[in-house]
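What follows is a short report on a single structure.
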Amino acid sequence: MTHTLVLVAFVVAVWYFPGGRQRLGAGSSAAAQARRLRTPLVRLADLVGIQTARGRQAQQWAAGAAGEKATAARLKSLARQGWTVLHDRALLTGWANVDHLVISLTGVVFVVDSKLWSARYRLRVVGGRLLHGNRDVTERLRGIRHEARSVAEALGCPVIPVVSMEGAPVEGGELVIDGIRIVPAERLVPVLRSLGRSKGACGKHPGQRAARLFKPYRRK
């Protein structure tokens, strides 16, 4: 009976205190989605060691949030040098968001997508397909392709899509597929610095325009 009362008290507590409002910043929307998926019953299942589909989804969103926060920490050095670095920003239409929108001092625009994939499997391109081990994960690039296209249309200039890969080894140190660069997380900042030296085509003050256009993302 005592154990039953403890479990009931736990359910009541998480029901009435689900975690508060969504915080803004890198990984905030992914973390908020993880919290939404961790309903009282899911938390109770986790507590007693029962794995559920929603629990696994929550873990995936939480891992995504952790990856975004790690990328944001890496990008701080560019922000200190005057680059525009915006995290977790909403696109102008639809429900999608940009993990990181980065603009160099010369106006080169990057959309950076954070990925945190298992280090057990190598990432490579074979026959125009992206493979993680032997699994075809090409479709997982659809999001960043859409984000880069949307940002380019809004700013009226080219955008370079870059995936920052935590965990999974990247064959050859860098991959390019369908115009998307995939780099190990530890090489992200050097790659951005190198590509960001060229002259951008976004006109005057692209960083200010980007900050004004793309508001912090709040998941509905």
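The values are calculated or read from the model by the stated rules, or taken from the named source; none is laboratory data. The shown structure was predicted, so the numbers you read here are calculated from the model rather than taken from an experiment. Note that each Cβ is placed from the backbone with ideal geometry, even for glycine, and that neighbours are counted across all protein chains shown.
Can you name the residue in the range 78-87 that is farther than 24 Å from Arg142 by Cβ and in contact with a helix residue (DSSP H, G or I) (Cβ under 6 Å, 6 or more places away or on another chain) and is also surrounded by the fewest Cβ atoms within 10 Å (Cβ to Cβ) among such residues?
Of everything passing the filter in the range 78-87, Thr84 is surrounded by the fewest Cβ atoms within 10 Å (Cβ to Cβ).
Would you point out the residue of the range 147-158, among those that are touching a helix residue (DSSP H, G or I) at 6+ places or on another chain (Cβ under 9 Å) and surrounded by fewer than 21 Cβ atoms within 10 Å (Cβ to Cβ), that is nearest to Gly133 (Cα to Cα)?
Pro158
Every residue in the range 162-220 that is of a type in the set (Asp, Glu), part of a loop (DSSP other than H, G, I, E, B) and modelled with pLDDT of 95 or more, please.
Selection gives Glu174 alone.
Can you go through Val170, Val176 and tell me which one is surrounded by 17 or more Cβ atoms within 10 Å (Cβ to Cβ) and of a type in the set (Val, Ile, Thr)?
Val170
Of all residues in the range 88-132, which are surrounded by fewer than 16 Cβ atoms within 10 Å (Cβ to Cβ) and in contact with a His (Cβ under 7 Å, 6 or more places away or on another chain)?
Once the filter is applied, which keeps residues that are surrounded by fewer than 16 Cβ atoms within 10 Å (Cβ to Cβ) and in contact with a His (Cβ under 7 Å, 6 or more places away or on another chain), the range 88-132 yields only Ala96.
Can you spot a residue in the range 85-95 that is more than 15 Å from Ile144 (Cβ to Cβ), part of a loop (DSSP other than H, G, I, E, B) and at pLDDT below 90?
yes
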